[in-house]
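The values are calculated or read from the model by the stated rules, or taken from the named source; none is laboratory data. None of these values were measured; they are calculated from a predicted model. Glycine also receives a Cβ, built like all others from the backbone with ideal geometry; neighbour counts cover every protein chain displayed.
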Amino acid sequence: MLAPVDSEEAHTALAQFLERLIAGSLAAFRGADAAEKQRQLTDRILGTLAEVLHDDDADVLSIASPLRRLLAIHRSVDGLPNERPDSPLSRCSLLTGTRLDASLGSQLRKEIATCDRVDILCSFIKWSGLRVIIDQLRDLVDRNDNLAVRVITTSYMGATDPKAVAVLSELPRTEVRVSYDTKRTRLHAKAYLFHRKTGFSSAYVGSANLSNAALSEGLEWTTKISQYELPYLWDKVTGTFETYWQDDEFQSFDVQSLPRLRQAIGTERRAGTDNELAINFDLRPFPFQEEILDIIAAERNVQNKHRHLIVAATGTGKTMIAAFDYARFARESGHKPRLLFIAHRKEILSQAMVAFRCVLRDQNFGDLLVDGNQPEQHEHLFCSIQSYNSRNLQMESAEQFEYVVVDEFHHAAAPSYQSLLEHVNPKVLLGLTATPERSDQLDVLSWFGGRASAEIRLPDAISRRLLCPFQYFGISDAVDLDGLTWQRGGYRIDDLDRLYTGNDIRAKLVFEKVTETVLDSQDVRGLGFCCSVAHAEFMARFFDENGIPSIALSSGSTSEERNSAQQRLRERSVNFIFVVDLYNEGIDIPEVDTVLFLRPTESLTVFLQQLGRGLRLHPEKECLTVLDFIGAQRKEFRFASRFRALSDKPTAKLDQEIENGFPHLPSGCVIKLERVAQQRVLENVRESNRHLHRRRVVSYWGSVAVGLGRMGATRSTRCNARSFRWESVECANWATQRFNPLEPSGGDEFNA
């Protein structure tokens, strides 16, 4: 069907026709000179336009030779990276929330950093979402003299956090308008508008409210609209926002309005209490656990391999995997094989015994052999490594136990574990760990043929939603650790204790950052990891005296004190437990929503274990808040391993990941480093990589020299055959410079 073109719309229809025609014509050019031929054709078209329109503005109707493209127009700020959104400002795009796309939160931060003012329209605002972009909003209002931020939101479903709205309203040159209507809901739109005087404004329109789930992890579809490409659509978006802004339903918000907002939100939340989530315990393996169980079964039945190491992130149910595999092995054997389950803490053993009893549906299965406990039978033991050695169980037959489980197998390099492993000869040996890598480089994989049977690392576990996402904040700490003594792979505890314990200035910094970062300090369920008992008691006392109820625990605390502390934390009669040498392993408190790293943690294993205390899923927890206080460190301290372990793309150049705000993280996760903290981490990562690659270069050339038999002295280099010690500094430096020290290496392959 054909119809005449309206004279008012003819220019748009013809422009669309010409766009397709010209794009197809330009694409017909091929070869090395294609770009130049395309430029020449474009130049002829522009010449025709200039002739017809008699346009005297030659700059408008001309094109550069050679072709160049405008990428960004920005303010230059010394010392700060000039970031721009990942997609061009001149083109529209679609974000789908998958791994292939940058997270919406990362794009909003970059848009805010490069725009003149911003409008936000969304049904609700969560504190976890606002703190992802709040620093960029503060920078935006600081560089403006006029109104820079406008926000429209509602009390819909009681989902908005009042603190988030209050913080927004307190920003200078910012206005917030709220709908308090709890009977009907008109606003379901979600849009973020970034205005630029250059004409390259952009709007993100879709399904994402201002929450961590929407900005970082949800499968939210968001369309980016470019003012340059689709000016008519940009005009409609901005015009609609202005209509809402003038609507009387959306009322101006200030601090005096906060009680009214809280009342409206409370009414909405009470109305939805009938739909609370019900949690049911299911004894069937999760799909990912079933995959691991099938791998173990295949190794056992097809490869005749009976030693298995399972590497699974803290909180993914390693013990349940062991229980399910034991149950399967028991079914295949026709009886319950004699079991020895080894761990180093009573809490781990108690939880493991409960897991096995539940899976086997036998509440009489097994006994504890720990802390002087006398088991009634010796067929199925949940035994501490200390009791195994003190009771001289190694004097029993090597075949006494048919199925042996060693939990937290990264401890296996210790002499106490070595005596166990060298003695027992079970039909099945199952090792469990979250991190087989040890900072002392001792090998624990040798017991399993040099490799793990199955792995599910932390980033994958979070992306699969087996663990909750984290928001990690690196805080600039004023305490300087560079002058402390470094021994046995870490700082001396006495030195750390002297710096931290009684340090009211640092304790105040920790307290202020907690209250600034969390939604409500009285709702927090947090753990603070300290360097000593005195430090833990000092921090607990400081928090308690300043209005955040807190207690301290250590490995010397009684079981009653530990159990009471956990229950008080769950009930929120205390908000923080400050611990030392405790809660690193085997303790499940899913309610924990905040973790404080109050001392440098050299071991990657310990760091991930402590982080894992807060990664358990819980219906009351949207994400884990992590505050890491980063002081100036000695050069021996290493940040690189922890940030690689948190990355969804561990092979990426780490310095670029840090500079770009960690774009490759598990779904829903955010890492934000304060400026000084970022500088410290970057310097540390670059220095450690230089040392690492220098060692690799020296090792490589040493092996080359040995292989070629060139161990004699030469004019430029002399080598010691036993240690391959470079005695020509210039030669070593030359070799090091042949390689990129920031490029991750999968091995010792060099192209000299």
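Conditions (1) in contact with a helix residue (DSSP H, G or I) (Cβ under 9 Å, 6 or more places away or on another chain); (2) crowded, with 22+ Cβ neighbours inside 10 Å; (3) in a strand (DSSP E or B); (4) touching a residue at least 40 places away in the same chain (Cβ under 8 Å), marked per residue:
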{"position": "596", "(1), (2), (3), (4)": "yes, yes, yes, yes"}
{"position": "600", "(1), (2), (3), (4)": "yes, yes, no, yes"}
{"position": "621", "(1), (2), (3), (4)": "no, no, no, yes"}
{"position": "628", "(1), (2), (3), (4)": "yes, yes, yes, yes"}
{"position": "637", "(1), (2), (3), (4)": "yes, no, no, yes"}
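The residue of the stretch 313-370 that is farthest from residue 412 (Cα to Cα), among those that are among the β-branched types (Val, Ile, Thr) and part of a loop (DSSP other than H, G, I, E, B), is 316.
Determine whether residue 133 is touching a residue at least 12 places away in the same chain (Cβ under 8 Å), touching a helix residue (DSSP H, G or I) at 6+ places or on another chain (Cβ under 9 Å), under 30 Å from residue 620 (Cα atoms) and part of a helix (DSSP H, G or I). It is true that residue 133 is touching a residue at least 12 places away in the same chain (Cβ under 8 Å), touching a helix residue (DSSP H, G or I) at 6+ places or on another chain (Cβ under 9 Å), under 30 Å from residue 620 (Cα atoms) and part of a helix (DSSP H, G or I).
Contact annotation: residue pairs with Cβ atoms under 8 Å, 6 or more positions apart or on different chains, pairing a residue in the stretch 480-507 that is on the phi > 0 side of the Ramachandran plot with a partner that is modelled with pLDDT of 95 or more, are 502/538.
Go through 465, 451 for me and flag whichever is at positive phi and not assigned by TED's automatic domain parsing to the domain that holds residue 216.
465
Among the residues examined, residue 229 qualifies as surrounded by fewer than 22 Cβ atoms within 10 Å (Cβ to Cβ) and in contact with a Cys (Cβ under 6 Å, 6 or more places away or on another chain). Of the residues examined, residue 562 is not one that is out of contact with any strand residue (DSSP E or B) (no Cβ under 8 Å at 6 or more places or on another chain), closer than 19 Å to residue 613 by Cα and of a type outside the set (Val, Ile, Thr). Taking the stretch 448-491, which residues are over 14 Å from the mean Cα position of the chain (by Cα) and closer than 14 Å to residue 311 by Cα? Within the stretch 448-491, 448, 450, 451, 452, 453, 454, 455, 456 qualify.
Residue pairs whose Cβ atoms lie under 7 Å apart, sitting 6 or more positions apart in sequence or on different chains, and linking a residue in the stretch 39-64 that is closer than 17 Å to residue 27 by Cβ to a partner that is at pLDDT below 80 and part of a helix (DSSP H, G or I), do not occur here. Here residue 434 passes the criteria (1) among the hydrophobic types (A, V, I, L, M, F, W, C); (2) at pLDDT below 90; (3) touching a strand residue (DSSP E or B) at 6+ places or on another chain (Cβ under 7 Å); (4) surrounded by fewer than 19 Cβ atoms within 10 Å (Cβ to Cβ) except the one numbered (4). Can you say whether residue 129 is modelled with pLDDT under 90, in contact with a Leu (Cβ under 8 Å, 6 or more places away or on another chain) and surrounded by 14 or more Cβ atoms within 10 Å (Cβ to Cβ), as far as the supplied structure shows? It is false that residue 129 is modelled with pLDDT under 90, in contact with a Leu (Cβ under 8 Å, 6 or more places away or on another chain) and surrounded by 14 or more Cβ atoms within 10 Å (Cβ to Cβ). Residues in the stretch 645-665 that are within 12 Å of the chain's Cα centre (by Cα), surrounded by fewer than 21 Cβ atoms within 10 Å (Cβ to Cβ) and within 12 Å of residue 681 (Cβ to Cβ): there are none. Only a single criterion out of (1) over 22 Å from residue 634 (Cα atoms); (2) crowded, with 17+ Cβ neighbours inside 10 Å is not satisfied by residue 529, namely (1).
Conditions tested, residue by residue: (1) within 30 Å of residue 620 (Cα to Cα); (2) outside any loop (DSSP other than H, G, I, E, B); (3) at pLDDT 90 or above; (4) under 29 Å from the mean Cα position of the chain (by Cα).
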residue	(1), (2), (3), (4)
57	no, no, no, no
69	no, no, no, no
84	no, no, no, yes
91	no, no, no, no
98	yes, no, no, yes
110	no, yes, yes, yes
145	no, no, yes, no
